[in-house]
Amino acid sequence: MENGIGMVLIAVACVVVLLIGVMKQKMEWLLNVAMRSILGTIAMYFVNSMLASAGIALGIGINPVTILTCGILGFPGFLGLYGLGIYKVL
């Protein structure tokens, strides 16, 4: 009986360690997406301001879709949004 309880405790400890590792990876991923979203939004604001001061009407709207695009895809998503803006102007 003691061996059975010991094996169950070891199994529970292993599962807890694995869950902590998975939660750490997910939190790291969510933090990464949040930081890219924030930096992408700031970059869109400044690029839109610079384009407006230069008289170029290519401003990309800052909304949840564009923020998530920058957050998930990062810099390529940011460039893709402005690429779509250029394509729209053409």
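So the values come out like this:
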read-out	value
Share of Cα-Cα pairs in the stretch 31-82 lying beyond 14 Å, as whole percent	45 percent
The chain - mean residue ellipticity at 222 nm from DSSP helices (-39,500 (n - 2.57) per run, n ≥ 4, rounded to 500)	-30500 deg cm²/dmol
Per residue convex hull volume, Cα atoms of the chain, in Å³	88 Å³
Probe 1.4 Å, protein heavy atoms only - accessible area per residue of the chain in square angstrom	78 Å²
Carbon and sulfur %, accessible surface of the stretch 9-81 computed with the full protein complex present, 1.4 Å	81 percent
Residue of Ile62, Ile20, Ile42 that the Gaussian network model of the chain assigns the largest fluctuation, springs spanning Cα pairs under 10 Å	Ile20
The chain - percent relative contact order, Cα under 8 Å, separation 6 or more	27 percent
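The values are calculated or read from the model by the stated rules, or taken from the named source; none is laboratory data. Keep in mind the model is a prediction, meaning the values are calculated, not measured. Each accessible area value is taken on the protein alone, full model and side chains, heavy atoms only, with ligands, DNA and RNA left out. Shrake-Rupley method; radii C 1.70, N 1.55, O 1.52, S 1.80 Å.
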